[in-house]
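The values are calculated or read from the model by the stated rules, or taken from the named source; none is laboratory data. Worth saying up front: this structure is predicted, and the values here are computed from it rather than measured. Virtual Cβ from ideal backbone geometry, glycine too; neighbours counted across all protein chains shown. For accessibility, only protein heavy atoms count, side chains too; no ligands or nucleic acids. Shrake-Rupley method; radii C 1.70, N 1.55, O 1.52, S 1.80 Å.
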Amino acid sequence: MIKKGSQIVCESLLREGCNVVFGIPGGAILPLYQALPEYPGLRHILTRHEQGASLAADGYARVTGKPGVAFATSGPGATNLVTGIATAQMDSVPLVIVTGQVNSWTIGSDAFQETDITGITLPVTKHNFLVMDASDIASSIKEAFHIANTGRPGPVLVDIPRDVFVQEVEYEEPGELNLPGYSPNFSGHSGQIRKAANLINESEKPVIIAGHGVIISKAYDELKELAEKAQIPVITTLLGISCFPEDHVLWTGWPGMHGMAYSSFTIEEADLVIALGMRFDDRITGNPSKFALNSKKIHIDVDPSEIGKNIAVDVPIVGDVKEVLSRMNTHVVAATHPSWLKRIDVLKKDHPSLNIPETSKLLARQVVKDISDETKGGATIVTGVGQHQMWAAQHYRFKKPCTFLTSGGSGTMGYEVPAAMGAQVADPDSTVWSIAGDGGFQMTLCELATIAENKLPVKFAILNNGFLGMVRQWQEIFFDSSYVSTAYTGNPDFVRLAEAYGIKGIRVTDKTQVKTAIAEAMDHDGPVVVDFIVEQEENVYPMIPSGMTVYDMIEEPVPEKVTT
Amino acid sequence: MKSSEKHTITALVEDRAGVLNRISSMFRRRGYNISSLAVGKSESAGLSRMTFVVDGDAKTVEMVVKNLHKLVEVIKVADISEENAVSRELALIRVKCDVATRSEIMQIVDIFRAKIVDVSQDTLIVEVTGNEDKVNSLVDLLDTFGVFEVMRTGTVAMSRGASFEQDKSANSPRILENAS
């Protein structure tokens, strides 16, 4: 059958199970958009900025486990996607991005809205394609989906010149994948798995550090089985949060720069670290040459290039976490570690990092705690980056897997608006709370229009301290409180701003109003923006300064005595 | 020299536009040092072979190999530094020469089993093939006469004996079946 390139793109997307696309049209990609009415199975969500499209696709992908799809035109349309693509690359999120390119015969001539987007995204994609013939579209898109969502997931970009969208070719279903250089290993080496199980069986003070890989491979049951069978405390990384229920007796928090102190100390005192689908990021290790020196290490990851990258390990296993754990668990013997678990209880008592000081002030932490209580730990929480992100991770008690969406590796401010939108599109019935900072919110708030247009009932909690809070905190601690360019004195009235978009706005200035406002937001059918005017100079504790060790940790100063 | 040393890595890659860019971008981004790089067609249509000489300790080289593997268009990677391998480089050297020095230069060229491939009034072009050290030594020696220009290909390398099997497999359908 003769089809146009644009039709082949749509057919290929549908075949891969895609039914939602985020994007914005423009000259070079227009022929693709004009084909969309023929394919009602592809729902297009018109974002207000291409960064919103790539970040919304990221949120959608994290919730569904399917690649998120975004469209943009050539030149600035494509470059605007880049922050979202880099965010997905750092956090192993599958995306398939289709960009329009200038006509093939003008490539290289600096044509209007030409940019070398495959060149630009080369270091921030898992792979990318420039498709110069419509007969290659079907196979390229098939390969793009396969690469994006197998092994360690990541973004794949497919760049298609305008004339290739209108080129008519004989359309055939794509054949077998032809990727001789791509065959991720899922299974894990049996000998290594046995060795790892032996280490676990011999260990007296084991600890699990569960990362994003546990969520990506949906290894929740296998993780729980391992933890319960051998009574091993479970620490998660920031991106691993929610992979293990936080009301479980073995849950031991999350470690690192702003993690719970007792989690960091537990890793230091352990004799065995079992690292699952994580990458020993510098926010966890601090100084890598002084990290967890008392322990042997098992490292299970599907990406061989993560093994030995930051930390030397004793038993590396390359494979899918779920697959490896299900086999390893059979070799692990049931055990109890009463004195080790007791020791962790002591650490927890000695380092009460999660206390909220009693005060009449409106603390950002209190807002998160109240949202946690009101939603019973069952909402999907999306954050931006900075203080509010750390408080969300510290004070929300996650009970459902895959409900914490945050830009961990890339630290992309503004993630909280479009990603929350993508998460809500992915699961329309879920309760999505976007915990936002007043800084990040303003980076992507144009997507409020998309949210209103699509009637997405996202609830926004802006923890508004009138500062780039985390940067201000660093200035306070490391630069003698010299607050250079961190005060936001020109913030808009977020309530009226929301109302301008036809979205309900609520302002909270007092501690006593928090719970009512949350309840009111949840009762409202559509989207809501709650502007919480919180303490301006509240700090996130504990804090391990960059590149230092657990023993350099700054814990919260003794809480001030204030009567309510 | 500490633990930093030269390692020879070979890779079989798809012969497509942008592959070299992808590979060099990975080296640059991760901060790995390429001391030389040579590319050419392989025995199979559509596939090229590359030889990298990389500066770094064992851990760095291990990461280089892993990150090369990660690139979708890279099909095979081997660190052949520890193996019994043949490694060769070709260089063209333009040397200053006059009647007085010509015969001395020719003697040196002979000893190195190099060739004189062009002669002009006051220069010679010498072609030499050998491993990097041999080429370095000849360039150093000729420099006493005055070297105007040096053009080197970078090292190409192949492990002896067993590698024949490895090369054949690149051509066989087996490698394509591996594409999951």
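For chain B, the longest principal axis of the C-alpha atoms and the axis of helix B:99-111 are separated by about 40°. Ligands, DNA and RNA left out, the 1.4 Å accessible surface of the protein assembly as shown is 51% carbon and sulfur atoms. For chain B, the longest principal axis of the C-alpha atoms and the axis of helix B:58-70 are separated by about 60°.
Tell me the GluC sites (Glu not before Pro) within the range A:156-215 that lie in a loop according to DSSP and have at most 13 other beta-carbon atoms within 10 Å. Answer by residue number: A:Glu172, A:Glu176, A:Glu204. Just to confirm my numbers, what's the Cα centroid distance between the range B:16-70 and the range A:173-219 in Å? Result: 26 Å between the Cα centres.
Straight Cα distances below 25 angstrom link A:Lys369 to the lysines A:Lys348, A:Lys349, A:Lys361, A:Lys399, A:Lys400, A:Lys459, A:Lys504, A:Lys511, A:Lys515, A:Lys561, with same-chain residues fewer than 8 positions distant left out. Here the relative contact order of the range A:190-350, from alpha carbon pairs under 8 Å that lie six or more residues apart, stands at 30 percent.
Bridge orientation summary for the range A:364-540: considering DSSP beta bridges with both residues in this region, about 5 percent are antiparallel. Computed from backbone phi with θ = phi - 60° and the Karplus coefficients 6.51, -1.76 and 1.60, the 3J(HN,Hα) list for the range A:243-251 is 7, 9, x, 7, 9, 7, 5, 8, 5 Hz; x is used for glycine and proline. Considering only B:Val156, A:Cys10, A:Ala364, and ranking their Cα positions along the charge dipole of the protein assembly as shown that arises from unit charges at the beta-carbon of Lys, Arg, Asp and Glu, the one farthest toward the positive end is A:Ala364.
Annotation: amide H of A:Ser434 within the under-5 Å range of A:Val382, A:Lys459, A:Phe460, A:Ala461, sequence separation 5 or more or interchain, hydrogens built in the peptide plane. Scanning chain B for GluC sites (Glu not before Pro) that sit in a DSSP loop and have at most 14 other Cβ atoms within 10 Å, the longest stretch containing none of them is B:83-180. Too long at a 28 Å Cα-Cα cut-off: which of A:Lys229/A:Lys297; A:Lys290/A:Lys322; A:Lys218/B:Lys66? The answer is A:Lys290/A:Lys322. Sites counted here are chymotrypsin sites (Phe, Trp or Tyr not before Pro) in a DSSP loop (not H, G, I, E or B) having no more than 12 other Cβ atoms within 10 Å; the longest part of chain A that contains none of them is A:113-478. Along the positive direction of the dipole of chain A (beta-carbon charges: Lys, Arg +1; Asp, Glu -1; about the Cα centre), which of A:Val417, A:Ala334, A:Pro492 reaches farthest? Final value for the positive-end residue is A:Ala334. At a Cα cut-off below 16 Å, give the aspartates and glutamates reachable from B:Lys6, other chains included and same-chain residues fewer than 8 away excluded. Within the straight-line limit of under 16 Å, B:Lys6 reaches these aspartates and glutamates: B:Asp55, B:Asp57, B:Glu62, B:Asp79, B:Glu82, B:Glu83, B:Glu89, B:Glu132, B:Asp133. For the residues of A:217-230, the average number of beta carbons from a partner chain within 10 Å of their own beta carbon is 0.
For peptide B:62-68, the mean count of partner chain Cβ atoms within 10 Å of a residue's Cβ comes to 4. A Gaussian network model of chain B, with springs between Cα atoms under 10 Å, assigns the largest mean-square fluctuation among B:Ala85, B:Ala38, B:Ala17 to B:Ala17.
Whole angstrom only: what separates the Cα centroid of the range A:310-382 from the Cα centroid of the range A:1-80? About 37 Å separates the Cα centre of the range A:310-382 from the one of the range A:1-80.
Less than 5 angstrom separates the built amide H of A:Ile317 from those of A:His299, A:Ile300, A:Asp301, all sequence-distant by 5 or more or on a different chain. Across peptide A:179-191, the average count of Cβ atoms from other chains found within 10 Å of a residue's Cβ is 5. Take every Cα pair under 8 Å whose residues are at least 6 apart in sequence, average their separation, divide by the length of chain A, and the relative contact order is 14 percent.
Within chain A, the ratio Rg/Rh, alpha carbon atoms throughout and Rh by Kirkwood, equals 0.98. Amide H to amide H distances under 5 Å link B:Glu5 with B:Gly56, B:Asp57, where only residues 5 or more positions off or on other chains count and H is placed in the peptide plane. Which percent, to the nearest 5, of DSSP beta bridges fully inside the protein assembly as shown are antiparallel? Roughly 45 percent of the DSSP beta bridges within the protein assembly as shown come out antiparallel. Its DSSP H runs of at least 4 residues, each contributing -39,500 (n - 2.57), put the calculated 222 nm mean residue ellipticity of chain A at -10000 deg cm²/dmol, to the nearest 500.
A simple charge model with +1 on the Cβ of Lys and Arg, -1 on the Cβ of Asp and Glu and nothing else charged puts the dipole of the protein assembly as shown at about 980 debye relative to its Cα centre. Helix B:19-30 axis versus longest C-alpha principal axis of chain B: approximately 90°, rounded to the nearest ten. Since only B:Gly146, B:Val99, A:Thr266 are under comparison, the one whose Cα sits farthest along the positive direction of the charge dipole of the protein assembly as shown, derived from C-beta charges on Lys, Arg, Asp and Glu, is A:Thr266. A simple packing score, the average count of other Cβ atoms within 10 Å per residue, orders the peptides B:93-101, A:328-336, B:116-124, A:371-379 as A:371-379, B:93-101, A:328-336, B:116-124, with the highest score first. Normalised by the number of residues in the range B:86-156, the average gap of Cα pairs under 8 Å and 6 or more apart makes the relative contact order 51 percent.
The shape of the range A:2-170 can be summarised by an equivalent ellipsoid whose semi-axes, obtained from the alpha carbon gyration tensor, come to 21, 18, 15 Å from longest to shortest.
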